[in-house]
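Shown next, in structure tokens, is the structure this report addresses.
The values are calculated or read from the model by the stated rules, or taken from the named source; none is laboratory data. Owing to the predicted nature of the structure, the values given are computational and were not obtained by experimental measurement. Cβ placement follows ideal geometry from the backbone for every residue including glycine, while neighbour counts extend to all protein chains displayed.
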Amino acid sequence: MSTIAAISTAPAIGGIGIIRISGENSFDILNKIFVQKNPQNIENIPGYTMKYGKIIDPSTNKVIDEVLVSYFKKPKSYTAENMCEINSHGNIVVLREILELCIKYGADLAEPGEFTKRAFLNGRIDLAQAEAIIDLINAKTSREAQESANQLEGFLSNRINKIKTKIMDIMVDIEANIDYPEYDIEEVSNNKAKEKLEEIEKDLSNLSKSFENGKILKEGIKIAIIGSPNAGKSSLLNAILREDRAIVTDIAGTTRDIIQEQVVIEGIPFKIIDTAGIRNAENKIEQIGIEKSKKAAKESDVIIAVFDNSKELNNEDKEILKLLKEKKSIIILNKIDLVESNLENLEEIKNIARPIIKISLKEEKGVEKIFEELIKIFNLNEINLDNELIITNIRHQELINKAIESTKMALDDLKMSMPIDIISINIKQILEHLGEITGDNVSDDIIKSIFSKFCLGK
């Protein structure tokens, strides 16, 4: 493989910037542009060592920058190849000049994710760990970052490999049956295979079920705040965000379009959408806003419906209550500073059978109860990253579900007393699906797709 180079830090002003070089000719290229303060041959420089010096353009002897260079010798490097990292001052102009020198003297510009791709191809990490790296880079909360770090450590790969070992045990018995049919061991092998496959199905099902929590960690929870005009939707958004994000007035219909913001609760990102008040629109612009409100409500994970507790339910309020029947939702009775008890005893409210929270946004009372209810609805306190492996990658979940289907088919074959070589087809298919997760058998197109999501220099 060629020697590659790229800027690994973000293209912005900072204290330091890093240019990374990897490949067989890394040290030769570096020696052409790096002048050490205390010169030392590469043979005498241990791996994981830093050297101070200057980057110089050999064609002009111009000093580009004072730098520190980290040396990593194969196979003990990120890519398992010879590698070095040039730590310069964090100026994009300087970083580009150094990168251009690296390319001028023999390096190729790295493609997005090519350093991590080489780590995978050289066997330092498997494909699941490689995907954990991009998830860690893109993590939006500490809990998502923790789960990505767990998978980078190999938590998922280890679990998958344990399941694969069980499958291999079954395959050994099957091969023995096929190779030595004169020994009457088929019934024993089938019973053992059935027992093992049931264990495997349970293991895989537990992993698949964890994706619901994994999706919450990675994508967050989408909340739509809906209600009639002037019920307090925008005031509630501002209270949750603790800032004046939405315009609040006593004029009905102030919010015409949806407003989206994000807040982190218990380490989980919540995407909060403030919507236009739902009523019979007075003009076309407002009608568009109301249609967007209804669409946001349908697409949300949970609805927070806000009602003015100081008034009677009107037709618009009753229309809103209908939207709550098919969704996870919370009923908010606002303005209890005006009337403490009013709507909560109405049959229309009670029949919805949703949590009811009474608040006063004017007096800043009760908002914390909404957070408590959201935690309860989504069981956020039960997501334990210390003791639980959580699937966060939809590719992994799809492959696990395919493996579950193949496991069920193999069990069905056993129940129907199918020939052992037929049963082995579905058992091998389980291995195929799990191997795609760790990268034991995966197409070049999938590898290319995964690493194209990485940034340059990683």
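List of remarks:
- The lone criterion from (1) free of Cβ contacts under 8 Å to residues at least 24 places away in the same chain; (2) under 30 Å from residue 442 (Cα atoms) left unmet by residue 399 is number (1).
- Residue list for region 356-382, restricted to those being closer than 23 Å to residue 268 by Cβ and out of contact with any strand residue (DSSP E or B) (no Cβ under 8 Å at 6 or more places or on another chain): 367, 368, 372, 376, 379, 381, 382
- Against the test of being under 39 Å from the mean Cα position of the chain (by Cα) and farther than 18 Å from residue 106 by Cβ, the options 73, 54, 62, 37 yield a single qualifying residue, 73.
- Options 127, 101; residue that is farther than 26 Å from residue 200 by Cα, at pLDDT 90 or above and surrounded by 22 or more Cβ atoms within 10 Å (Cβ to Cβ): 101
- Figure legend. Inter-residue proximity from region 309-334: first residues free of Cβ contacts under 8 Å to residues at least 60 places away in the same chain and in the same structural domain as residue 359 (by TED's automatic domain parsing), second residues among the acidic types (Asp, Glu) and buried (at least 17 other Cβ atoms within 10 Å of the Cβ), beta-carbon distance below 7 Å, spacing 6+ or different chains. Indicated pairs: 328/301; 330/373.
- Residue ID - modelled with the highest pLDDT, chosen from residues in region 207-223 that are basic (Lys, Arg) and assigned to a helix (DSSP H, G or I): 209
- Check on residue 8, surrounded by 14 or more Cβ atoms within 10 Å (Cβ to Cβ), closer than 30 Å to residue 138 by Cβ and out of contact with any Gly (no Cβ under 9 Å at 6 or more places or on another chain): no
- Only one of the numbered conditions (1) buried (at least 17 other Cβ atoms within 10 Å of the Cβ); (2) in contact (Cβ under 8 Å) with a residue 60 or more places away in the chain is not met by residue 92, and that is (1).
- Residues in region 92-113 include at least one that is in contact with a Leu (Cβ under 7 Å, 6 or more places away or on another chain) and within 30 Å of residue 397 (Cα to Cα).
- Entry remark, region 139-166: residues being of a type in the set (A, V, I, L, M) and either touching a strand residue (DSSP E or B) at 6+ places or on another chain (Cβ under 8 Å) or surrounded by fewer than 17 Cβ atoms within 10 Å (Cβ to Cβ) (or both) number 1 in total.
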